[in-house]
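The values are calculated or read from the model by the stated rules, or taken from the named source; none is laboratory data. Not measured: the values here are computed from a predicted model. So basically every Cβ, Gly included, is an ideal-geometry build from the backbone, and we count neighbours across all protein chains shown. SASA here: full protein model, heavy atoms, side chains in, ligands and nucleic acids out. Shrake-Rupley method; radii C 1.70, N 1.55, O 1.52, S 1.80 Å.
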Amino acid sequence: SLGPNALAFDTAGTLYLSNAATYSILTVSPNGATQALAADVNYPVAMIFDRDNVLYVAQIGSDTVDRIHPDGRRDTWVTGIRNPTGLAFSPSGQLYVCNSDRGNSGIYRIQAGGAPEVFVAPFADALEGMAFDQEGYLYVAEGYQGVIYRISPAGERIVFTRGLAGPVDLAFGRGEYAKTLFAVNQGIEYPGYYSQQVIAIPTGRAG
């Protein structure tokens, strides 16, 4: 949807906010001060930081994943994935990307140099959010079908949770909630109405 739609924190605790309506990324410091980071981002929908504090931004307007480095440099890192919508780093630090391309949505593992490799062949209508647990199992939300899949490190897929209404983003909790997967659930009840909930799902594995 148009408007603010992705959040990420860097190692200093600064919040990064993408806005698809204004094609921009803003930073919000711990004291609340805001600053424009990028003003020409092509419909950003997902963001994540790597271990070196490099920000990765998925853009469905250009079908790319760009990197924004701590020194402000920006480059295009991943191309060739139609409508990239979800980003996640595995426990080993490898980037994974899912996409939302009706009937042709899959999961890609990004190789050195930014080349995408098919991890799970296209199987879904709309994959829109991902999170890894510490054992390397990947959880991915399927917005149209209302399910969350769990993908083994070998790429084997099972339905982990069903009966949701528009899950679009996933994150593991911390501390006592480390084994709880939180899902943003749009709660589509009839055309044009969204009840918007956050669902807590026990997984038995720490994220």
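Quick notes on this structure:
- Of the criteria (1) surrounded by fewer than 16 Cβ atoms within 10 Å (Cβ to Cβ); (2) under 25 Å from GLY103 (Cα atoms); (3) charged (D, E, K, R), which one ARG51 fails: (2)
- Check on ALA8, part of a strand (DSSP E or B) and either more than 23 Å from CYS98 (Cβ to Cβ) or in contact with a Gly (Cβ under 8 Å, 6 or more places away or on another chain) (or both): no
Conditions tested, residue by residue: (1) assigned to a loop (DSSP other than H, G, I, E, B); (2) at pLDDT 95 or above; (3) more than 30 Å from ASP75 (Cβ to Cβ).
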site: TYR96; (1), (2), (3): no, yes, no
site: ALA112; (1), (2), (3): yes, no, no
site: PRO122; (1), (2), (3): no, yes, no
site: MET130; (1), (2), (3): no, yes, no
site: ARG150; (1), (2), (3): no, yes, yes
site: ALA154; (1), (2), (3): yes, yes, yes
site: GLY163; (1), (2), (3): yes, no, yes
site: ALA171; (1), (2), (3): no, no, no
site: ILE199; (1), (2), (3): no, no, yes
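- In the condition set (1) closer than 13 Å to VAL168 by Cβ; (2) under 16 Å from the mean Cα position of the chain (by Cα), VAL97 is compliant with all but (1).
- Positions within segment 12-21 being surrounded by fewer than 16 Cβ atoms within 10 Å (Cβ to Cβ) and modelled with pLDDT under 90, in sequence order: ALA12, GLY13, ALA21
- Criterion violated by GLN134 - all others in (1) part of a strand (DSSP E or B); (2) in contact (Cβ under 8 Å) with a residue 40 or more places away in the chain satisfied: (1)
- Filter pass, ASN5 being in contact (Cβ under 8 Å) with a residue 24 or more places away in the chain, surrounded by fewer than 18 Cβ atoms within 10 Å (Cβ to Cβ) and closer than 27 Å to GLN196 by Cβ: no
- Count of segment 29-48 residues which are free of Cβ contacts under 8 Å to residues at least 40 places away in the same chain, crowded, with 16+ Cβ neighbours inside 10 Å and in a strand (DSSP E or B): 3
- Among the residues of segment 101-110, those identified as surrounded by 14 or more Cβ atoms within 10 Å (Cβ to Cβ) and part of a loop (DSSP other than H, G, I, E, B) are ASP101, ASN104.
- Meets criteria (under 28 Å from TYR144 (Cα atoms) and either of a type in the set (A, V, I, L, M, F, W, C) or modelled with pLDDT under 95 (or both)) for ARG102: yes
- Among residues of segment 169-186, those that are of a type in the set (Val, Ile, Thr) and crowded, with 22+ Cβ neighbours inside 10 Å, counted: 0
- Sole exception among (1) over 26 Å from VAL65 (Cα atoms); (2) surrounded by 17 or more Cβ atoms within 10 Å (Cβ to Cβ) for LEU127, by number: (1)
- Residues that are of a type in the set (Val, Ile, Thr) and either open to solvent by 40 Å² or more (accessible area, probe 1.4 Å) or touching a Gly at 6+ places or on another chain (Cβ under 6 Å) (or both) within segment 139-168 comprise ILE158, VAL159, VAL168, listed in sequence order.
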